[in-house]
1. Residue by residue through segment 296-332, note down the ones that are free of Cβ contacts under 8 Å to residues at least 60 places away in the same chain and of a type in the set (A, V, I, L, M).
2. Give the residue, chosen from S148, S117, that is closer than 22 Å to S92 by Cα and crowded, with 16+ Cβ neighbours inside 10 Å.
3. Hey, N82 hits all of (1) open to solvent by less than 20 Å² (accessible area, probe 1.4 Å); (2) over 19 Å from A121 (Cα atoms); (3) of a type in the set (S, T, N, Q) but one; which does it fall short on?
4. Looking only at segment 240-267, filter to residues that are more than 13 Å from L217 (Cα to Cα) and charged (D, E, K, R); which one of those is modelled with the highest pLDDT?
5. How many residues are surrounded by fewer than 19 Cβ atoms within 10 Å (Cβ to Cβ) and in contact with a Ser or Thr (Cβ under 6 Å, 6 or more places away or on another chain) if we restrict to segment 299-325?
6. Just checking, how many residues over segment 199-228 are assigned to a strand (DSSP E or B) and touching a residue at least 60 places away in the same chain (Cβ under 8 Å)?
Amino acid sequence: MPPLHHQHHLPRAPAQGAFDFCCPQPAHHTCKPTPAYLFIADNCGALRVVDPDTNKTVACTQVRCPAGIAIDCDLCKLYVANEQGSALTVLSTNNLQQLGCIPLQECRNTCVPAQDSLRLAVNPNNHRVYIPQPDSGKLAVVNGFHNSLMDLVRVGGCPVAAAVHSRTNLVYVANHTSEIPVLNSNSNQVFTHIILPGDSGVRDVLVNHCDNRIYALRDDGSIAVMNSTTNTLVQSVHPPGGGVTLALNPAIGLLFVINEARDAVLVYDTCTLEQVGTLDIAPSTCHCFAQLAVNTHTHLVYISDPCADTTYVMDGGMNIPIAEIPTAGQSLAVLSCAQNCPVCARR
């Protein structure tokens, strides 16, 4: 099948396949470069591909109990973990063809509710995929070349998020404890822990390769900012009302935080760690923001709200809302692989 080119027909899968493309055949247009598509997996198992120019669904397929998404740009692979990280579905980013389904563990459903999301990580240097497994206290490691399970690394606690530093090949794990396990991606061995003050655990973690900093969202809603060279705490940031999830745009040096009140996204400058903007979400009888995702090409920020069945689109540079996509879920990912770095005074 041809790749998902902008405004080109997406052919239906063969009759025996499980794919259901959702868009009618449009008129032929001159092909543009493949845009940085948004992937949204809703709680019913529909995986939708959204065009970043039109904010319209251009394709969709079904996946079982999606809870986390990651993309390997070089291999053109989309990884979707199920609700307890017990299996990983591998799809092509070009045409949503299923390339494999990898069993990872027996799902015991004992640690986190099924509606919680997982943050998967891909190391672009060795194409290994890291999938948190809350039930077992382990991190599954998948070989992206062969779509096979390589290892199950014990990291303790209740792991729900992983992040890779592409320049050091280190993997950081959020496991709802105050100690962040750090793995060497070459050996898949835990070689140290970053110990944070207090007893509040870590629920989400991101790595900024531009400034060599780690951003860890804690269970109390604060953000621990760490130096990845020394693995030490630099500063703690306390968003008003607390934070529930993070997203990062290293290309323009901004950190986005959904606040605990669940009615706004707070914007922080990664150079100064000061709040520089706020996006107020449209009033609703029910908000339950689940995930954030950033398009580093267009600087759009996507805010998933499953309760309103809406994904809000904001301009991440101007901090203004620009669109609403009538679907939402626990998992978001953007096919946005550029990693440009801004100039920052402290670097």
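The values are calculated or read from the model by the stated rules, or taken from the named source; none is laboratory data. For clarity, every value in this text was computed on a predicted model and none was experimentally measured. Counting neighbours? That spans all protein chains shown, and the Cβs are built from the backbone with ideal geometry, glycine included. These area figures cover heavy atoms from the full protein model, side chains too; ligands, DNA and RNA do not enter into them. Shrake-Rupley method; radii C 1.70, N 1.55, O 1.52, S 1.80 Å.
1. Result: V301, I303, A308, M314, M318, I320, I322.
2. Working: S148 fails: crowded, with 16+ Cβ neighbours inside 10 Å.
The match here is S117.
3. Just one mismatch for N82, condition (2).
4. D263
5. The initial filter retains those residues of segment 299-325 that are surrounded by fewer than 19 Cβ atoms within 10 Å (Cβ to Cβ), namely 299, 307, 309, 315, 317-324.
Now restrict to residues that are in contact with a Ser or Thr (Cβ under 6 Å, 6 or more places away or on another chain): 324.
Counting residues in segment 299-325 that are surrounded by fewer than 19 Cβ atoms within 10 Å (Cβ to Cβ) and in contact with a Ser or Thr (Cβ under 6 Å, 6 or more places away or on another chain) gives 1.
6. Going through segment 199-228, the residues assigned to a strand (DSSP E or B) turn out to be 202-208, 213-218, 223-227.
Still in the list and also touching a residue at least 60 places away in the same chain (Cβ under 8 Å): 204-205, 208.
Residues meeting the conditions: 3.
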